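K.L.:
Got a structure here, written out as structure tokens. Questions coming.
The values are calculated or read from the model by the stated rules, or taken from the named source; none is laboratory data. Only a predicted model underlies this, so the values are computations on that prediction, with no experimental measurement involved. Cβ coordinates were reconstructed from backbone atoms using ideal geometry, including for glycine residues, and neighbour counts include every protein chain displayed.
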Amino acid sequence: MDFLEALDVSLFRALNAFCGTSPTLDHIVYRLPGPTGVLFLGLFGLLWFRPDGEVIGRRQALILVVPAVAIALVLNRAISTLLPFRVRPMYAIGAAAPSYPWTFDLEHWSSFPSDNATYLFAIAACLFVVSRWAGLVFGVYGALLCLGRIYFGIHYPSDILVGALLGAATGYVVTRPALAAGISRPLLGYEKRWPQYFYALLFMALAEVAGGFPNTRHVGVAIVHMIRGGYEPP
């Protein structure tokens with residue numbers, strides 16, 4: 001364990017050492033997550049409306065990206081809550097800062113495992129099941145984003161690795177053919193009967209996935225606060 005911990009810190013130091021050495025590189029790494037939603041929605045749309053191949057089977061797997069990502073994030077949060085709190089490297093051992101003012105208010109969030117990696121690789125796994133090239137494109141992009149989290153001192157490499165494995169495994173399991181056919185067939189039936197309502201709801205769900213379920217999380221937090229009696233409406 002001591003060896004693995006030392007290796008974890010060494011790999012973190014090696015990548016974080018580049019932070020602050022180039023303003024251009026700092027801005028590229030910081031801005032890189034910007035197109036995440038556009039890339040995801042673009043790949044999803046291309047695969048969904050592609051006329052060749054087994055359209056029904058492809059759509060049955062694609063639509064499960066919504067519950068797959070949600071389940072992966074819930075599992076991530078459960079693991080993060082149950083395991084001992086891990087202080088992020090920027091607070092625990094210090095990290096090189098970028099060449100411009102920046103703020104990341106993550107001190108009260110456990111570093112292990114990375115929910116960002118879980119989210120990205122759950123999507124990548126779902127896309128890979130449908131199309132290897134699409135899954136690889138999003139997976140490579142997701143890996144670059146995860147390296148950026150180490151670059152800024154937000155995560156250790158082990159946080160990223162475990163989070164990515166959790167997301168990929170969840171995406172793969174949820175999109176198995178038996179599950180895809182059983183769960184997705186009724187939903188796709190609505191696409192034929194009421195396409196306007198189906199695509200309106202699908203777009204809303206995909207928008208939530210693209211942003212990492214921001215509105216769902218806010219509603220969930222508000223409900224918890226209301227139950228505990230500490231919620232004050234804005």
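Okay, residues lined up against (1) modelled with pLDDT of 95 or more; (2) within 26 Å of residue 13 (Cα to Cα):
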residue: 90; (1), (2): no, yes
residue: 102; (1), (2): no, yes
residue: 116; (1), (2): no, yes
residue: 155; (1), (2): no, yes
residue: 166; (1), (2): yes, yes
residue: 171; (1), (2): no, no
residue: 174; (1), (2): no, no
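K.L.:
Oh, and also: Please verify whether region 98-113 includes one or more residues that are within 30 Å of residue 63 (Cβ to Cβ) and touching a residue at least 12 places away in the same chain (Cβ under 8 Å). It would help to see each step written out before you state the result.
P.N.:
To start, the set of residues in region 98-113 that are within 30 Å of residue 63 (Cβ to Cβ) comprises 113.
Add one more test, that the residue is touching a residue at least 12 places away in the same chain (Cβ under 8 Å), and what stays is 113.
Looking for residues that are within 30 Å of residue 63 (Cβ to Cβ) and touching a residue at least 12 places away in the same chain (Cβ under 8 Å), one finds at least one in region 98-113, hence yes.
K.L.:
Ok, one more. Could you tell me whether residue 24 is farther than 21 Å from residue 199 by Cβ, hydroxyl-bearing (Ser, Thr, Tyr) and touching a residue at least 12 places away in the same chain (Cβ under 8 Å)?
P.N.:
No: the conditions fail for residue 24.
K.L.:
Checking residue 67 against (1) touching a residue at least 60 places away in the same chain (Cβ under 8 Å); (2) under 23 Å from residue 148 (Cβ atoms); (3) not charged (D, E, K, R), which single condition isn't satisfied?
P.N.:
(2)
A quick yes/no check of all residues on (1) buried (at least 18 other Cβ atoms within 10 Å of the Cβ); (2) in contact (Cβ under 8 Å) with a residue 24 or more places away in the chain; (3) of a type in the set (Asp, Glu); (4) closer than 30 Å to residue 200 by Cβ:
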position: 58; (1), (2), (3), (4): yes, yes, no, yes
position: 77; (1), (2), (3), (4): no, yes, no, yes
position: 84; (1), (2), (3), (4): no, no, no, no
position: 87; (1), (2), (3), (4): no, yes, no, no
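K.L.:
Has region 57-65 got any residue that is of a type in the set (Val, Ile, Thr), out of contact with any Leu (no Cβ under 7 Å at 6 or more places or on another chain), closer than 19 Å to residue 199 by Cβ and part of a helix (DSSP H, G or I)?
P.N.:
Yes: region 57-65 contains one or more residues that are of a type in the set (Val, Ile, Thr), out of contact with any Leu (no Cβ under 7 Å at 6 or more places or on another chain), closer than 19 Å to residue 199 by Cβ and part of a helix (DSSP H, G or I).
K.L.:
Taking residue 12 as the residue in question, decide whether it is more than 21 Å from residue 199 (Cβ to Cβ), at pLDDT 90 or above and either of a type in the set (S, T, N, Q) or not in a helix (DSSP H, G or I) (or both).
P.N.:
On the way: more than 21 Å from residue 199 (Cβ to Cβ): yes; at pLDDT 90 or above: yes; either of a type in the set (S, T, N, Q) or not in a helix (DSSP H, G or I) (or both): no.
No.
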